[in-house]
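Structure record follows, encoded as structure tokens.
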Amino acid sequence: MSDVVSIELLLDPDTEARVRADWQSLAAAGMSSLGAYHSPTNRPHVTLLVRPELATSAFRDAISRLPVPVILAEPVVFGHGDRGVLAWRVEPGDELVALHAAVHAEAGPGADAAHTAPGDWTPHVTLARRLRLETLPDALALLGGPHNGSGLSLRRWDAASATVTDLE
């Protein structure tokens, strides 16, 4: 899915800074890191929904549930051969799960990416893509510890046009 639309939960300033510090630590060590992408649209987030297309929606019910707790629990790796995605697993607390359900309810039925579909969702904040798994112990040593924060707002990301729209 290269041309997708997603709904993303943006983090409070302290949590965003915490994730960006991890991005910087990985980049400074010469490892894969999302910190290497300097686009203003590149922000730490929790993806709530990904589809090839998504009708415009205000997501009013979902927005009314904000803010929600976001707990960076522990690092997780989604492996693909000798590489993987390194991320912070986000604790799926009741409020976050309810927000996820509200986003999907307001979006209606669609072709959800498996990792964001209700029942298959793994909430996380990505730190690095295509990280060489042989460097994983070194990468883990560079990360800060677990962190309690919050998700404050939603945005819509359109990959085809590389644009974001804040949802209010």
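The values are calculated or read from the model by the stated rules, or taken from the named source; none is laboratory data. Predicted model only: the values in this text are computed from it and were never measured. Heads up, the Cβs are rebuilt from the backbone with ideal geometry, glycines too, and the neighbour counts pull from every protein chain shown. In case anyone asks, the SASA skips ligands and DNA or RNA and just uses the protein heavy atoms, side chains included. Shrake-Rupley method; radii C 1.70, N 1.55, O 1.52, S 1.80 Å.
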On each of the three principal axes of the Cα atoms of the stretch 20-68, give max minus min coordinate, whole Å, ordered largest first.
42, 27, 16
What does the convex hull of the Cα atoms of the stretch 110-153 come to per residue, in Å³, rounded to a whole number?
142 Å³
If you place +1 on the Cβ of every Lys and Arg, -1 on the Cβ of every Asp and Glu, and leave all else neutral, what size is the dipole of the stretch 51-168 about its Cα centre, to the nearest 20 Debye?
260 debye
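Looking at the stretch 46-127, what % of the alpha carbon pairs are farther apart than 20 Å? Write down the numbers at each step before the final one.
On the way: 1212 of 3321 pairs.
It works out to 36 percent of all Cα pairs.
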Please grab the % of Cα pairs in the chain that end up more than 21 Å from each other.
46 percent
Work out, step by step, the length gained on full extension between ALA113 and TYR37: first 0.36 nm times the residue separation, then minus their alpha carbon distance; give nm to one decimal.
25.0 nm
Could you work out how far apart the two model spin labels at ARG132 and ILE63 are, taking each label as a point 7 Å from the Cα in the direction of the beta carbon, and quote it in nm?
4.6 nm
Which of LEU54, PRO109, ALA28 sits closest to the plus end of the dipole of the chain, meaning its Cα is farthest towards the positive end, when Lys and Arg get +1 and Asp and Glu get -1 on the C-beta?
ALA28
Quick one: angle between helix 13-28 and the longest Cα principal axis of the chain, in degrees between 0 and 90, rounded to 10, please.
40 degrees
Taking R0 as 35 Å and r as the Cβ-Cβ distance between VAL76 and SER161, the FRET efficiency 1/(1 + (r/R0)^6), rounded to the nearest 0.05, comes to 0.70
Would you mind working out the accessible area per residue for the chain, using a 1.4 Å probe, and quoting it in Å²?
49 Å²
Inter-label distance for ALA98 and ALA29, nm, one decimal - labels placed 7 Å from Cα along Cα-to-Cβ
3.8 nm
